[in-house]
Amino acid sequence: MLLSLSLYLDKLNMCMNGKHQKTEPGPEGELYKQCVPWRENACCTANTSAEAHEDNSYLYNFNWNHCGVMSPKCKSHFVQDTCFYECSPHLGPWIQLADSSWRKERIIDVPLCLEDCESWYNDCKYDFTCKDNWHKGWDWSSGTNHCPTGAECRLWSDVFPDAKSMCENIWTNSYKYTTLTKDSGRCMQMWFTGSNPNKKVAEYYLNQAPKTAATATSLTLTLTIVLSVFLH
């Protein structure tokens, strides 16, 4: 029981073993611009938060402008996405081992709030890109990502027909599209002010596993009692 409680608390407040995250979350009073909401308890450092706002930053050498200059409103969502990924201490329920040379863990199927996914898509739908999966398949021969041979730059809405396809495909199912709104308490918010609302969301999803275990334990106990009565 104590071990289960310890694991529960660890998953509720932890940093994934990625490329730039801290080993443990904690206060970071100097976080930069869009990463500021995580300052009270963050998995990112001030330097990481500043680099999250830069083009071709040292974080991943990723080129947002691979099909012309990305519009400011579209880029703001990718900056926010980076802050969320690097700084969030409440992603434990969705952290899994990663089959990758540059990180040991990743997130899978984080349920994004409807507003965040839809606004991200709507603010990018007139931009251009050449790929629907940005995790792999780039030409990195120059040290930063460029469109691979034969991949044409196309209108965003042609590559991603809707918000669901974008949110789920662009980072290989790191995120899951939902119809849950921010006031539901059942989806993760990229954009927020004040206290981090995602802790309670993580608590909700973590509580699903104990309930399943409790149900199994209850059934086992019932079966044991029935057998005991029958055998005696």
Grab every C-alpha pair in the stretch 77-175, bin the distances at 5 angstrom width from 0 up to the longest one, and report whole percents. 2, 11, 20, 24, 20, 15, 7, 1
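Relative contact order for the stretch 7-208: what is it in percent, counting Cα pairs under 8 Å that are at least 6 residues apart? Let's see the in-between values first.
On the way: 363 pairs, mean separation 46.5, N = 202.
Here the relative contact order equals 23 percent.
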Nearest-0.05 FRET efficiency for HIS146 and THR181 at R0 = 41 Å, using Cβ-Cβ distance, is 0.60
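Might you tell me the accessible area per residue for the stretch 7-208, computed with a 1.4 Å probe and given in Å²? Let's see the in-between values first.
Numbers: 9710 Å² over 202 residues.
Each residue of the stretch 7-208 exposes 48 Å² on average to a 1.4 Å probe.
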What is the spin-label model distance, in nm, from THR23 to ASN65 if the labels are put 7 Å beyond Cα along the C-beta direction? 3.9 nm
The stretch 7-208, Cα convex hull volume normalised per residue, Å³: 114 Å³
Can you put GLU86, GLU115 in order of accessible area, largest first, using a 1.4 Å probe? GLU115, GLU86
Taking K and R as +1 and D and E as -1, what net charge do the other residues with C-beta under 11 Å from the C-beta of SER157 add up to? -1
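The values are calculated or read from the model by the stated rules, or taken from the named source; none is laboratory data. Treat the numbers as computed from the prediction; the structure is a model and nothing was measured. Neighbour counts run over all protein chains shown; Cβ positions are idealised from the backbone, glycine included. These accessible areas exclude ligands, DNA and RNA; they are computed on the full protein's heavy atoms, side chains included. Shrake-Rupley method; radii C 1.70, N 1.55, O 1.52, S 1.80 Å.
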